[in-house]
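Note sheet for the following structure.
The values are calculated or read from the model by the stated rules, or taken from the named source; none is laboratory data. In this text, all values refer to a predicted model and were calculated from it rather than measured experimentally. A quick note on method: Cβ atoms are made from the backbone with ideal geometry, for glycine too, and the neighbour counts reach across all protein chains shown. To get the accessible areas, we keep the full protein, side chains included, count just its heavy atoms, and leave off ligands, DNA and RNA. Shrake-Rupley method; radii C 1.70, N 1.55, O 1.52, S 1.80 Å.
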Amino acid sequence: MRSRHFAMALAAVALAATPASAQNYPDKPISIVIPLGAGGAMDRITRIIGEQMSKRLGQPVVVENRPGGGMVVGASAVAAATADGHTLMNAPSGAYAINPTLFKKLAYDPDKDFVPVAMYARIPFVLVVNPSLPVKSVQDLIKYANDNPGKLSYAASGRGGVIHLAGEMFKHDAKINMTSVPYKQGGPAALNDVVAGHVPVTFADPSIVQGLIDGGKIRALGVSSLQRMPNLPNVPTIDEAGVKGFEAVSWHLIVAPAKTPKAIVDKLNAEIKAVTAMPEVHSQMLKMGLMPVATPSVDELKKFMANENKRWGGIVRDAGAAGSM
């Protein structure tokens, strides 16, 4: 009996030590802002995650698309939101690791304005060519570029976008000349012109290339991660194909305003980790071309963000895109 009372007393002490805000959280609907338009892989997976979070937490989880300004509109709104865990943002790596160097003056500071909550996926890109280009491998492409100096171009998202930067990294690491053709409309427009044969090469979002590859509309030469993609198991990594160490991978990260209580951030980290481990959620990510990640701890994510900011900032500068926005 004494041991039971002692255990109950310890539980009461532990509960008292938990901030009231965390005990009651969430006490109203949670909003997850996406700084991109509706319909993409990030939008779809956020809604799937949000639906499962709602079931577990007992409050609605609303997904709000706030595109514009190279993700600055949505990110700025979340940075200024009340730091109580009821407003979050899910954004790709560009919002956190590329924009600080790309923009001359950024309306938010990823390090000071946000606290990382959970990273649930990495997103490689697929190096694809129009089938009319006489190449069937990465090494063929490198040889073609060297045999035809100044004639090879690649379609890219807007200047400083991750597809543009992946192309510039490939040029540098493969030691070839390849001209960037920017598309302000983004990756889908760039891919459409490769399919049409207007531009021969691009790095494409894996969520939209599977059918085009299977239908022979484009040819996949390599993937930009250091591991093969589960949904493209026969496509080698660019590293495997001979461009050693090549890696250009985006990632999805959910953040909260910087002053959100630690107990709430830790709770969200655990909840999102549990949700994204669910078989039905995991399988949906794979279908979208995402590589699922069991989210690291919040402290580990802070170190990861700092390292990625430094790494991608260097890539932006090397591409001559620093301060171009």
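Some notes on this structure:
- Remark: Tyr96 falls outside the filter, which requires a residue to be assigned to a loop (DSSP other than H, G, I, E, B), hydroxyl-bearing (Ser, Thr, Tyr) and over 21 Å from Met278 (Cα atoms).
- Residues of the range 129-160 that turn out to be open to solvent by 20 Å² or more (accessible area, probe 1.4 Å) and either within 26 Å of the chain's Cα centre (by Cα) or at pLDDT below 95 (or both), as a count: 6
- Of all residues making up the range 22-46, the number that are more than 22 Å from Val209 (Cβ to Cβ) and either part of a strand (DSSP E or B) or of a type outside the set (Gly, Ala, Ser) (or both): 12
For every residue, the table says whether it meets (1) of a type in the set (Phe, Trp, Tyr); (2) over 23 Å from Gly167 (Cα atoms).
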{"residue": "Gly216", "(1), (2)": "no, no"}
{"residue": "Asn231", "(1), (2)": "no, no"}
{"residue": "Val235", "(1), (2)": "no, no"}
{"residue": "Trp251", "(1), (2)": "yes, no"}
{"residue": "Ile254", "(1), (2)": "no, yes"}
{"residue": "Ala263", "(1), (2)": "no, yes"}
{"residue": "Thr295", "(1), (2)": "no, yes"}
{"residue": "Arg311", "(1), (2)": "no, no"}
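- Residue that is of a type in the set (Gly, Ala, Ser) and touching a strand residue (DSSP E or B) at 6+ places or on another chain (Cβ under 9 Å), where the choices are Ala263, Ala248, Ala274: Ala248
- Filter result (without any contact (Cβ under 8 Å) to a residue 24 or more places away in the chain and under 23 Å from the mean Cα position of the chain (by Cα)) within the range 213-229: Leu226, Arg228
- Scanning the range 63-82 for residues that are over 23 Å from Gly186 (Cα atoms) and part of a loop (DSSP other than H, G, I, E, B) yields Ala80, Ala81, Thr82.
- Of the criteria (1) at pLDDT 95 or above; (2) open to solvent by 40 Å² or more (accessible area, probe 1.4 Å); (3) touching a helix residue (DSSP H, G or I) at 6+ places or on another chain (Cβ under 9 Å), which one Asp318 fails: (1)
- Count of the range 279-320 residues which are part of a helix (DSSP H, G or I), polar (S, T, N, Q) and in contact (Cβ under 8 Å) with a residue 40 or more places away in the chain: 2
- Test: residue in the range 113-129 that is touching a residue at least 24 places away in the same chain (Cβ under 8 Å) and on the phi > 0 side of the Ramachandran plot: no
- Ile34 passes every criterion in (1) farther than 21 Å from Ile272 by Cα; (2) β-branched (Val, Ile, Thr); (3) open to solvent by less than 30 Å² (accessible area, probe 1.4 Å) apart from (1).
- Residues that are more than 18 Å from the chain's Cα centre (by Cα) and open to solvent by 50 Å² or more (accessible area, probe 1.4 Å), drawn from the range 259-297: Lys259, Lys262, Asp266, Lys267, Ala270, Pro279, Glu280
- Looking at Asp239, Asp214, Asp173, just one residue is out of contact with any strand residue (DSSP E or B) (no Cβ under 8 Å at 6 or more places or on another chain), open to solvent by 50 Å² or more (accessible area, probe 1.4 Å) and modelled with pLDDT of 95 or more, and that residue is Asp173.
- Number of residues in the range 55-79 that are in contact (Cβ under 8 Å) with a residue 60 or more places away in the chain and either in contact with a helix residue (DSSP H, G or I) (Cβ under 7 Å, 6 or more places away or on another chain) or surrounded by fewer than 17 Cβ atoms within 10 Å (Cβ to Cβ) (or both) equals 4.
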